Each structure stands twice: as structure tokens, then as C-alpha cells.
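Q: Please see the structure below; I have some questions.
Any read-out appearing in this document is the output of simple, stated calculations on the displayed coordinates, not a laboratory observation. In this text the structure is predicted, and so the values were computed from the model without any measurement. Positions of Cβ are backbone-derived with ideal geometry, glycine not excepted, and every protein chain shown enters the neighbour counts.
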Amino acid sequence: MPDVQSMVLEFVNKLRKRKIEGSQATARCTVELLKSVVSHHRLPRANQASALIDAVRGVGAQLVAANPVELAVGNVVRRVLHIIREEDLSLATAAVSELDFNGEGMSAAVVAAAARSTLRPPSLQTLLEGTTESATVPYTFSSGVDSESKTADKSSITQKLKDDVRGGIDQLIKDITDCHEQIAEQAIEHIHQNEVILTLGNSRTVLEFLCAAKEKKRSFRVFVAEGAPRYQGHVLAKELVARGLQTTVITDSAVFAMISRVNMVIIGAHAVMANGGVIGPVGVNMAALAAKKHAVPFVVLAGSHKLCPLYPHNPEVLLNELRSPCELLDFGEFSDCLDSGSPLVQVVNPTFDYVPPSLVSLVITDTGGHNPSYMYRLIADYYSADDLVM
Amino acid sequence: MGAQKKGGARVSDDTEEQTRQRLQAILLADSFTTKFRPVTLERPKVLLPLANVPMIDYTLAWLESAGIEEVFVFCCAHSTQITDYLQTSSEQQSHPNLLVRTIESHRSISAGDALRYIYEQQTETSQIQGDFVLVSGDTVSNMPLADLIREHRERKKKDEKAIMTMVIKKSKPSPMTRQSRLGTDELFVAVDPVTKQLLHYEVDHVRGSVCLDKALMESNPSVMICNDMQDCYIDVCSPEVLSLFEDNFDYQHLRRDFFKGVLGDDIMGYKIFTHEIGSSYASRVDNFRSYDTVSKDIIQRWTYPYVPDVNFSGNRPLKVGRQGVYKASDVVQSRSADVGACSVVGYGTKIGNGGRVLNSVIGNGCCIGADVVIEGSYVWDNVVIEDGCEIRNAIVCDGVRIRAGAVLQPGVVLSFKVVVGRGFVVPAYSKVSLLQQPMKEDSDEELEYADSSSGTADRLSGLSLEMESKGSELGPDGVGYIWEVCEGAHDEEWKHSVAPIPEDKLAEIIQAMEDDDTEDEIVPRKSEELKSDVDSVNTDVNDPGDDYGYFEREVEGTFLRAVEEGIKVELGILEINSLRLSYNMESADCAGAIFYAMMKLAVDTPHSSLRELSENASSIIAKWKGLLGNYVKHTDEQIEVIMKFEEMCQETARELSPLFAQILQVLYDKEVVQEDAILRWAEEKAGADEADKVYLQQCEAFIQWLKEASEEEDEEEEED
């Protein structure tokens, strides 16, 4: 346990000091940390799942507090919580079916349906399954397991829950690692011959996406808006050129002028909110508005770890981070304008932009392309309603 | 640069050794000054809050994220407070990757003492293995250190004498900016533009000029002189620095003594290099004005990620809103209260109806009444401000109570737990404390207070009782002493306070700058002193042997001052003697220089005719012959004076040439010049060119008379 504690501290420290950048890297670190939390946590006899959930939640709260702007941390924590709940549920279902075998008179199907309904908000699908009595079935799986475990082999069940959760987390790690490829596979369906693509800022997902299309012998041109003041676009342009793509670098302010020649805008998201709104590098909203004006499709690429179950109007959600003005101004030159007394010059250097769902044409995740209005449904698949507030 | 290359084998050994070294830092948690009095009598400077986070946390958080693994915190005054604070913060794991060790010493009264103490300690324990970063506990920065340390090590490997790398940052060059931003004097640095070696470091208290040693010009092909640099007080040092301090036990100040020693006296050929940081931020909180400036910079996010909305060292993060307003989530703010741009409001603070807060920092747990105006001020924790108070550009420490209707004028500092009486107006720039002003201006004082800190609390409570009963300097229901501004420091008050510089002072500075400019234009650049133009890259090498020129000017300056201020002859002699020693001159040179100065004065004194000029000259000679006479005891020196005079008449002061004979006679009459000298001069000149003989001819009659007189004397003697 102490080594886990120190790992948590170390990671919290890195998050605090803004040493990890990029949602994918953060997500991977988070999930790996949570995996070791799960495997090192000593489970009590009773309420194993809730003990595990509490442990993960405790660590998760620390991580989220360390850098609230990095939404991927919270997302991954909630995904892990969801995995724990689901594994617990499936164990419970197995146990109940055993009970059923002993003749306690409750069908496994009913229990499973009831369980599903507690995990997921009511949807048309569950309603249509027509298990009307599901709502009345008491939800006592963990305790059920406990009462049963008196007779069963305790240690094996403990191990089982942990192993299952670990398996689930491994799957999640794999998802996060592979999200680029998953998304890039779909490139061929979206990028066509002789098209012009506009992108802004630097995103690994976008890079892989474009390169995948290139590999499939599509020939197209890419406009890269440089993404002032951090000029991440320059980095992207360099990599694109290295992979043999025809690239044009433009200033951010030229986006509107160029948009009429563009067939599609593709950007990588920092996070996709539950309402389908997108948080991306600063300047993205401007590009989205320009695209809307010229009826150019605005496509957002996001791995599933970027789907955030929160709504942007939630006051708890920090959508932006203001960085140092030194990226815009030279301190030496401006030091006399920043005079004490009352400084007349103010420098605002936000990192992110919010694009409302009405401007987004398509969100491509590793499971395929979706309309922004469908996001809430995807999110319901990945997260439990209980975990939304941590 | 005459780098001393070592053998290849050694170098590879070194790299292995250095990769294993831990990155270490020494943090001086005491500034050894009294600029933050009276606040620092009760709490060490490094624990004072900057935007509601103690200063030392900024330094530690930065050191940690810059990759430093171990830091030695040197505590002196209030060491228990500092160690306690570090103890709790290490329990909270604020800096998990940083090993914080404390070193306590109560005898140190300067940075030099501190380093000597550390040296002694470390010879026993040898904790400091290699290069280390030396900072003070009031540094706010976000610069990366890894590159700097690597750069230093590589240079050290090539050149063993490169013992230190200091960090400088570009800031606006005008002295006004410097004044208004950091309250520091102008800094001149001379740097070799290629190697970045520091050649000269001078803090100018007066204004705009810098003197460079000409040897510096001789030995370096190019020198860059900058006056737009800010010294960040971040140094990477090799262990030699510690031993240098140990060897030179009189070194006190890191810059004043140490730099002067290394650069000026050329100790063992050690060198200091500079490193200019680009976009990163680095500054030091040196006085109240820089406290204000650095706080503003933090609010403006130049120090990102060390800003109030980021939890960088266990602090509770605030929420950032529009226009740089940082507010805690539980602030109770009245609907009619207005928290304006660039403000910070801490946890548990309440702001009453109609309050106005602008450009200010308000700490945790404060209670601010109705219709209070707070502008450009720093209110620390648990302060109670009652209705209708006005606070402008002030610092208000923990636990202060300001009763209804009181006004704090700009520049006021209220120390801990002071109570300002109802409706009382605290005059501008006053410093108020519960402790009485110490009589002795000495840094020891802080230590004494610290030592007896256990007793302080009791004394304070007793004091407040006593004062409440009889009223105080802060109104009938106030508690606290207003400190008197000590003599001479009055001028500094406005410079170092948090209040903006008053209009008239600003005007003065601007005026001074303009004067400087015009002076530069009118005076043809006679002086070889390098008037520092902005960034002037000076590559010309001064005429060697011009020491005499410098000396002459110095003597002239001294003489003129003596005349103006009516200094006694004996004192003048003392001054000129000291000049003579420092420039290593003969007394003949002194005589020449003094005489030159006298004649120049005569010429410069307004006169309408030659007659008047000659009268001027003779009166000056009469008055100051004591001074000149001190250096013309021998014939050789007297001849030197005459030669000098001749030279002057030919070159610089042609007006005097018709008066040569007259003045020579005056000199003779006043017994400055003996006849032997004049005769020998005449003999020497007899063989010279015609052109040189002009003056000889002019005073032929006089010489003739002298010769006759001497002959007569001889005859008389013979007759006797």
C-alpha cells in the first residue's frame, strides 16, 4: 500500500505542476495508476465492490482536484468505477443463478435486467425488453454474494472480482492506446480524392487520421492553422510533411479567408461534453463558425476517453486554463506597461475553446462516427449514473 | 578564453561522476536586511504571503519542478517558525520529490556568514557534493534549471575557473522603470558577448555612469555593457564558491563583496558567467515595492503554473474569473459589493454592502464591513475592517483590526494585530507595529527578537492591555506604535513602499534623466568614462597609459569640490594622497595635476580681461599654495609644475599664455617654485626648438633678474 500511496502522490504532483500534457498521456497514466490501486487494495469480506469503489473514488478525487482542467482524468476514473460495478454485477448474476438453481424462485434474467436498469438510465431499449417487474426487485447483489460466500470459497470470489476488474482495466488501457488506430481506420470513409482539409493545432489523432487516408492512396491537401500562441500547428505541419502530405501553413486569422476552399475541417478534441459540445485548442470556435458560414463539415476526432459525462454549464467543470502571458508578450519589452499601481495592460492567454454542439457536424470516436446529439447515449454506455458526481 | 583543457581520461571520469550527482540547492531563508521591518520582527520574510501563499512555497515548488532533489534551507532569524512550517508542509507532502533539510544558525548576520557556516557544516558531513543552485527564499520563478546546470557543468569541465553562473533577465532599461517596478538602483553589467563571461557588475546609486577598468578593455576584444538587465539572484555555484567565502572572511554580501572580489581583485583567476533567460519569469522580492510588483505579476499569470488557481504546493486553489479576479469558492460577497480587476479574495472572507476592492489581495478569513474601499492593497489573513474604511496602497498584516471610518494613506504598513482607532487617519508611509522601534539599526535585532520569541506573545498581550487603557498613537481606541522614519531613510520611503511613486518624484526622475541627456549633448565627450548608452557595444580600446588622465580628472574633481565646499587644506591633502596611492602616482604627478586644476579653475572663473584672469590665478594660488606646496618640496617636482604650466598654455588654456611670465612670478613670490627650479627649467629649455622657446623668451627678463639676484646673493655671500 505505501508504494501505491507514493505513486498517487507522485502523479498528483505531476498533475499539479502541469508536467503531463495531452489527454491521452494523462488518461494512460491515470488508468495505470488506478490499476495498481485496485490490485494493491486489500478487500474486506463484506461489500467488496463498494470498498473497491470507495478506494478508487478516493484516489480519483485527489487526481481530479490536482488538475481539474484535464477532464480525461475524471473520465478514466469514472470508467474504472463503471468497470468495477459491472464486474460486480456479473458476479452477482452468476451467484443468483446458482441461487436460482437452489430454488429460491427468482430468474437470473430478471435479476440481470434489474441490474442493468440500475446501472443505466431507463432507455427505450430497456423499456422494450418488457421486464416490468424489474423495478420492484430489490438490489442486494453484493450482500447476496456475501451471504452466499459463507458457503462458497471466499478467497476465490475475492480474487475473481479483482481479476475481472483488472481484466476490464486492461481492456480500457488497450482502448486508450489503440484509439488512434481505431479512429484512423475510418479515415478512408471521410476523406476523398483531391479534397482540401483544414486543421488547427496539433493532435496525434488528426495526424494518424490523415496519414491513414494517405496510405490508402488518397491524395489530398492539408491546411494547417498554426495555433497561436503556442504554434502547435507548426509541429503538426512538420510531421505531415515528413509523412509526405501536401501541407500549407496559414495563420489563425486567415482561417475565414481560406475556408471557402476547404472541403472539411478536422480537429482533435481536448474533450467532448455530454451535450455534444467540444473543447479544443483555442481558435477552434472561430474555425467552427467559419465552417458553419460556408457549410463546410466540421468533424471532431476524439478517443473514447475524451467523452466526458458532464455538461459544460455545470459550475464544477473548469473548461479552460489561462496560461502565462509570456507566450504572447516579451516580458522585458512590456515590463513598464505592467507597472504597479493599476496595470492598464491585461493579457489573457486561454488554452481551450468551447464549440457548441450546433456547430459540430460529426464526432468520430473509436466506435464510429456519431452525431453530437447522440453523445449522451454513448456516455450512458461508458459511465454509471452514480459516478457522475465524485 | 584560455580554457584549461584537462586530459581526456579525466573528463570521462567527470561525466560519470556528475551524472551520479544529485541536484542540490541552498536556499537562504533570511534576507539579512531590514527592508521588511516592522513585519519581519514577528514573522520571517520567507513566510510572508504572496497572493495568499507563503513566498518560500513558490521557491520550493519551482525548485522541485525544475528537478532539484535536495534543498538546504538556511534559517537564521525566526528559525523555529521556518522549521515548523517546513515540517508541516513535508507532512502534507507538498513537495514529495524534494528533500528539504534545514540548517540553523543564529549567529549569521549576512549571506557571507551563512555560506561560511554551511561550509563549516559540510566539511563535517560533506552533504554538498558538487555544483549547487544558490537562491534566496523570496525568489519567484518558473525558469527551467536543468539546462542552466548542464551549461554550467560543461563550462566547468572545460575551464576549471568558471565557478559561478548567474541568471539575468532583460527588463526595460530606463531607471524609471526600475524604480517603479522593483525599487532597485540601476544595474550595469559588462559581459563578453561571445563567452558570456561577466566582466563588470556595478549597482549605481547616483545615476547614469559607469567606470570600467581599462585593463578590461585591453584583455577583451569586445565588451557588451548593458543597463537593461535585472539580476534575478539565482546562481549556479561550484563548491569553490563556498571555500572562497571561507577564505575571505570579510565577504558579507553576495554581490557587493563577492562579485567585487572575484571580478576586481582577480582571485585565483576565477570567473563568473551569465545566463540570460528568455521567456521564463524570475524575480526576487526585495522590498515592499517589489512585493507589490511580484504580486501583480503572479496575478497576471507570468509565473504560471505558480498562480493562485493552481494547487502547486498544498495551497487551496482559487477560482479564476474575468479580468484576473481570483475568488475562493466560499467567499460571501454582498450583491452591492464590487470586486474589480486583478484581485484575489481568500477563503472564508466576507465583503459587506457597497464594498469596493480593486487591484488588491485579501487573505483568508477576513471580515470587511460596508462601504469599505480597498485599492492596490495587501490584506493578509483574519483582518477585520469595519464600515466605511478607506485603504489605499497599504499592507495590512494578520489579525489587524481597523475600526470604522479609519483611513490608511498610501504606503502604510500595519504589522500584526495592530488596531487602528475609529476615524483615525494613518499618515502616508508610516509603519505601525505593536513592537517598539528598535534603537539600533542592525540586523542582529531580528535575531534577538527571534530568540525571545517565546516571550513576545506575553509581552504583546501585556502591551495591548496597557495601551488600551491609556490610548495610543493610533487614536483613542487604537493599539500600536507608529515607527519614526529614521534620518536619511526618508528619501527611500517612497522608493520602497507599495504605493505608486508620487507625481513629483516621478517628475524629478524624468527631469534627472533629461538633464543627463542634455549634459551628454553639450559636454563634448572629454571624459573617457563610458556614458552608458543603451546596449552600447563598445569595442574601442582605451589609450593605454591613460591612467594619468583619469588621475588628473579625479584630482581636478577633488580640488573643485574642495573649493566649492571650502574644505580645509589638510583634508584636501589627505584626499589627494589617497588618490595618489590608489592610482600609484608620484608626488610630482600630483603637483602637476593640482596645478592644472588650479589654473583650470582660474580660467573657468568668469573674467573680462587678462588682468582679471591674472588676478584670479594669483588669488587661487595664494589660497591653495598650502595644498600645492605639499607636493613641490623638491626641485624636480617644481620643474614638473612649470612644465605642466607650459603644456597648458600651449594646449588646453591658451588664454593663459600671455600671462605665463606673470604667473610664474606669482609662483615664485608665493614660494611654490624656488629659483633653482626656474633656472634649471630655463637651462633645459635653452637647448630646445624655437617653437618651444616661446615661453622661455617671454620670461627672459624674469629669469635674467633671477640670475642677477642669485649672483648678487652669491656675491653677498662671498663678501660675507
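Q: Which distance in nm do the two modelled labels at A:Asn47 and B:Asp265 give, with both placed 7 Å along the Cα-to-Cβ direction?
A: Taking the simple label geometry, A:Asn47 and B:Asp265 are separated by 7.3 nm.
Q: Counting partner chain Cβ atoms within 10 Å of every residue's Cβ in B:60-66, what's the average?
A: 2
Q: Along the charge dipole of the stretch B:2-293, which of B:Gln252, B:Tyr201, B:Gly278 sits closest to the positive end, that is, farthest toward it, with unit charges on the beta carbon of Lys, Arg, Asp and Glu (+1, +1, -1, -1)?
A: Selected residue: B:Gly278.
Q: To continue, here is another question. Under 5 Å between amide H atoms, partner at least 5 residues away or on a different chain: which partners does B:Thr349 have, H built in plane at 1.01 Å?
A: Close amide H contacts, sequence-distant or interchain: B:Val332, B:Gly365, B:Cys366.
Q: Oh, and also: Is there a simple number for the mean count of other chain Cβ atoms within 10 Å of the Cβ of residues in A:13-20, and what is it?
A: 6
Q: Are any of the pairs B:Lys214/B:Lys693; B:Lys169/B:Lys271; B:Lys417/B:Lys505; B:Lys505/B:Lys623; B:Lys214/B:Lys633 more than 30 Å apart by Cα-Cα distance, and if so, which?
A: Checking Cα-Cα distances, B:Lys214/B:Lys693; B:Lys417/B:Lys505; B:Lys505/B:Lys623; B:Lys214/B:Lys633 exceed 30 Å.
Q: Per-residue mean of other chain beta-carbon atoms within 10 angstrom of the beta-carbon, peptide B:292-299?
A: The mean count of partner-chain Cβ atoms within 10 Å per residue comes to 3.
Q: So, one more: Taking the Cα centre of each part, how many Å lie between the stretch B:611-646 and the stretch A:205-249?
A: Spelled out, the Cα-based centre of one part sits 85 Å from the other.
Q: So how do B:Tyr596, A:Tyr354, B:Tyr306 line up by other beta-carbon neighbours within 10 Å, fewest first?
A: Listing B:Tyr596, A:Tyr354, B:Tyr306 from fewest to most nearby Cβ atoms yields A:Tyr354, B:Tyr596, B:Tyr306.
Q: Where in the stretch B:50-78 does the label zone of B:Ala341 land, with the point 7 angstrom along Cα→C-beta and an amide N cut-off under 20 Å?
A: B:51
Q: Right, another one. Note down the relative contact order for the stretch B:2-293 as a percent, whole number, built from C-alpha pairs under 8 angstrom at least six residues apart.
A: Once divided by the residue count of the stretch B:2-293, the mean separation gives 24 percent.
Q: Residue by residue through the stretch A:275-285, which ³J(HN,Hα) values in whole Hz follow from phi under the Karplus form 6.51 cos²θ - 1.76 cosθ + 1.60 (θ = phi - 60°), with glycine and proline marked x?
A: Calculated HN-Hα couplings, in order: 8, x, x, 10, 9, x, x, 4, x, 5, 5 Hz.
Q: How big, in percent, is the set of alpha carbon pairs in the stretch B:191-234 lying more than 17 Å apart?
A: Here the tail beyond 17 Å accounts for 36 percent of pairs.
Q: Another one. Give the calculated FRET efficiency between A:Tyr374 and A:His192 to the nearest 0.05, with a Förster radius of 25 Å applied to their Cβ-Cβ distance.
A: Efficiency, rounded to the nearest 0.05: 0.55.
Q: Something else: Would you compute, for the Cα atoms of the stretch A:232-334, the largest minus smallest coordinate along each principal axis and list the three values in descending order, in whole Å?
A: Over the stretch A:232-334, Cα extents along the principal axes are 43, 40, 29 Å.
Q: Using Cβ contacts closer than 10 Å as the measure, can you line up B:Trp483, B:Trp705, B:Trp380 from fewest to most?
A: In increasing order of surrounding Cβ atoms, one gets B:Trp705, B:Trp483, B:Trp380.
Q: Quick one: give the max-minus-min coordinate of the C-alpha atoms of the stretch B:543-719 along each principal axis, largest first, in Å.
A: 48, 37, 35
Q: Tell me, what ³J(HN,Hα) does each residue in the stretch B:214-220 have, in order and in whole Hz, if you take phi through Karplus 6.51 cos²θ - 1.76 cosθ + 1.60 with θ = phi - 60° and put x for Gly and Pro?
A: Couplings: 6, 4, 5, 5, 5, 8, 10 Hz.
Q: On the first, second and third principal axes, largest extent first, how far apart are the outermost C-alpha atoms of the stretch B:2-293 in Å?
A: Principal extents (Cα only, largest first): 54, 51, 37 Å.
Q: Taking the beta-carbon count within 10 Å as an exposure proxy, list A:Met375, A:Met273, B:Met585 from fewest neighbours to most.
A: Listed from fewest to most nearby Cβ atoms, that is B:Met585, A:Met375, A:Met273.
Q: Another question, if that's okay. Using alpha-carbon positions, what is the distance between the centroids of the stretch A:1-63 and the stretch B:197-248, in Å?
A: Measuring centre to centre over Cα atoms gives 51 Å.
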